[in-house]
Amino acid sequence: MSFDVPDDLRYLDTHEWVRATDATAEIGISDFAQDELGDVVFVELPDEGAELTAGEDFGVVESIKAVSDVYAPVSGTVTAVNDRLRDEPELLNEDPYGDGWMLEIDLTDESELDDLLSPADYRDQIE
Amino acid sequence: MTLRSSPLSGSHARTDASLTDFGGWEMPVEFDSIRAEHEAVREAVGKFDVSHMGQVTVSGPDAAALTQRLTTNDVSALDPGEAQYAAITDADGVMLDDTVVYRLPDGVDDDYLFVPNAGHDGEMTERWLTERDDRGLDAAVTNRTEEYAMIAVQGPEAPDLLAAETDVALGDLTRFEVVSGTVAGIESLVARTGYTGERGFEVLCPWSSAETVWGALECQSCGLGARDTLRLEMGFLLSGQDFHPTEDPRTPYEAGIGWTVKLDTEFVGRDALEAVEAEGPDEKLVGIELIDRGVPRHGYEVTTPDGEPIGRVTSGTMSPTLGEPIALGYVSVAHAEPDTAVRVVVRGEPKKARTRSTPFLDR
């Protein structure tokens, strides 16, 4: 099986992705992660204004079969939360890099992006 | 430890099925998606490889007497071709496993067959042999778990699907009846039993012919994930999870299957259970429906609205059919009435919930 790993993102080894634009970033979970979890039924995310610390868990994704923590790839302040996931958690399965995004944050330290996996490295990890 | 594998493992390996260790067996947990598999069974038909279930045969003059000694239901009530659900209890009345006991139809070599849960076949065979020897009974006890494959075909369209592949008159088969016949040309036992709440059948065929039978039944393949959500919607127990002889010892009365206990028969655990029945259990298994958002899981604490602990969740999921979080769990009898307001503690957060009777789904 082959998983989608977009080239414009960076990844954490625990299967989260970051789409960085200047000092802001979008965060979500990878295609591989959603496939491993199976049918997602519940997503718990922090509120706007919450502070994320790189490497620490910030939310929970539950599928029918499993509960999984979600880890912050980078540190920052939450500026937007994808409220659609509340009633449509299946968006994580259907469109993990698009409509299934989780949070938007203001980056605390852009240099943390350099610690993340490149698409090629992440592809190596999951294949 | 090497995992035991189903005779269909080769067939499963040719699919995208994800596998899991279940009771010492490597079995498919999900072929496509739990939701899709679940819906296929509720709305059409699906097939399950349940070859991990044990098969132990008991034959000879004392086969019925021996099986009666070790199961809670009334074995003497079975005519050839009939089956019954039962608990297997220890001397304290604690459930070691639950099982279906079949009195095999005339013409089959063995007299009785019982089906312990995954990984319990060895232990239960020993239990039967020990009891036989202690009591000087005349019966042959044989663990045939790796002689029989077991395939469940479940769903409203299961009768039509199976009818096309069998010489058994399925329409004449009532619940918990078993007959011998061919499926896809293979000599098999066909029972009208299942674990989903839907119309359906379980086919026991020779291990070596499993692929023929499985392949002939063309419908959605379903894994243990869907099997779990389907049984949970019906409030059916899962051995080892909703009761466990050491980690969560329960009597059949606590587990809500007191109806399988026939105190007018003689079996190991009877006297202890008579006392429990007279006094009533302290805790009972109830259905729980979450009102707040969240998913109840095995081990989560159940409290009163004031936070007083009253029990624990043993099984929980997001019900694919209802779209609501549901659970089974034990609570003290004072809180076991349906519609009692309770809380389920999800990651430290008390979530509003209420007890309710099972099944969660009308079937």
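Couple of notes before you dig in:
- Label-to-label distance, nm, for residues given as A:Glu48 and A:Asp124 (7 Å Cα→Cβ offset): 4.1
- Each Lys and Arg adds +1 at its Cβ and each Asp and Glu adds -1 at its Cβ; summed about the Cα centre, the range A:13-109 shows a dipole of about 60 debye.
- Extending 7 Å from Cα along the Cβ direction at B:Asp167 and again at A:Ala66 yields two label points whose distance is 4.7 nm.
- Total formal charge among the other residues, if their Cβ is under 12 angstrom from that of B:Leu3, Lys/Arg +1 and Asp/Glu -1: -1
- Of B:Ser319, B:Ser51, B:Ser18, the one that fluctuates the most in a GNM where chain B has Cα springs shorter than 10 Å: B:Ser18
- Whole-Hz ³J(HN,Hα) from phi, Karplus 6.51 cos²θ - 1.76 cosθ + 1.60, for the range B:246-251, glycine and proline x: 10, 7, 8, x, 9, 8
- The charge dipole of the range B:56-143, taken about its Cα centre with unit charges on the Cβ of Lys, Arg, Asp and Glu (plus for the first two, minus for the last two), comes to roughly 60 debye.
- Built amide H within the under 5 Å cut-off of A:Met102, gap 5+: A:Ile27, A:Gly28
- Formal net charge of residues neighbouring B:Pro252 (Cβ-Cβ distance under 10 Å; K, R +1; D, E -1): -2
- Above-threshold pairs, the threshold being 27 Å between Cα atoms, out of A:Lys65/B:Lys47; A:Lys65/B:Lys262; B:Lys47/B:Lys262: A:Lys65/B:Lys262; B:Lys47/B:Lys262
- Check: chain B dipole with +1 on Lys, Arg Cβ and -1 on Asp, Glu Cβ, in debye: 1000
- Cβ-based exposure ranking for B:Arg227, A:Arg10, in which fewest neighbours within 10 Å come first: A:Arg10, B:Arg227
- Value at 222 nm in deg cm²/dmol, rounded to 500, when DSSP H runs of n ≥ 4 in the protein assembly as shown each add -39,500 (n - 2.57): -5000 deg cm²/dmol
- Taking amide H as placed 1.01 Å from N in the peptide plane, the amide H of B:Val168 sits under 5 Å from that of B:Thr182, each at least 5 places away or on another chain.
- Environment charge at B:Trp25 (Cβ cut-off 12 Å; Lys +1, Arg +1, Asp -1, Glu -1): -4
- Full extension of the chain between B:Thr142 and B:Glu218 gives 24.1 nm of extra length, using 0.36 nm per residue less the Cα-Cα distance.
- Here the label points at A:Asp8 and B:Glu123, each 7 Å from Cα along the C-beta direction, are separated by 5.6 nm in the simple model.
- Karplus (6.51, -1.76, 1.60) ³J(HN,Hα), θ = phi - 60°, over the range B:29-44, in Hz, Gly and Pro reported as x: 9, 7, 8, 10, 8, 4, 5, 5, 5, 4, 5, 4, 6, 6, 10, 9
- Other-chain or far-sequence residues with amide H under 5 Å of B:Ser221's (modelled H): B:Lys47
- Note, ³J(HN,Hα) from phi for the range B:53-62, Karplus 6.51, -1.76, 1.60, rounded to Hz, x at Gly and Pro: 5, x, 10, 10, 9, 9, 9, x, x, 9
- Chain B: most fluctuating residue of B:Glu283, B:Glu30, B:Glu308 per GNM, C-alpha cutoff 10 Å: B:Glu308
- Restricting the chymotrypsin sites (Phe, Trp or Tyr not before Pro) of the range B:226-331 to loop positions (DSSP other than H, G, I, E, B) with no more than 14 neighbouring Cβ atoms within 10 Å leaves nothing.
None of the figures in this text is laboratory data; all of them are computed from the coordinates on show. The shown structure was predicted, so the numbers you read here are calculated from the model rather than taken from an experiment. Neighbour counts are summed over all protein chains in view; Cβ atoms, including those assigned to glycine, are modelled from backbone coordinates with ideal geometry.
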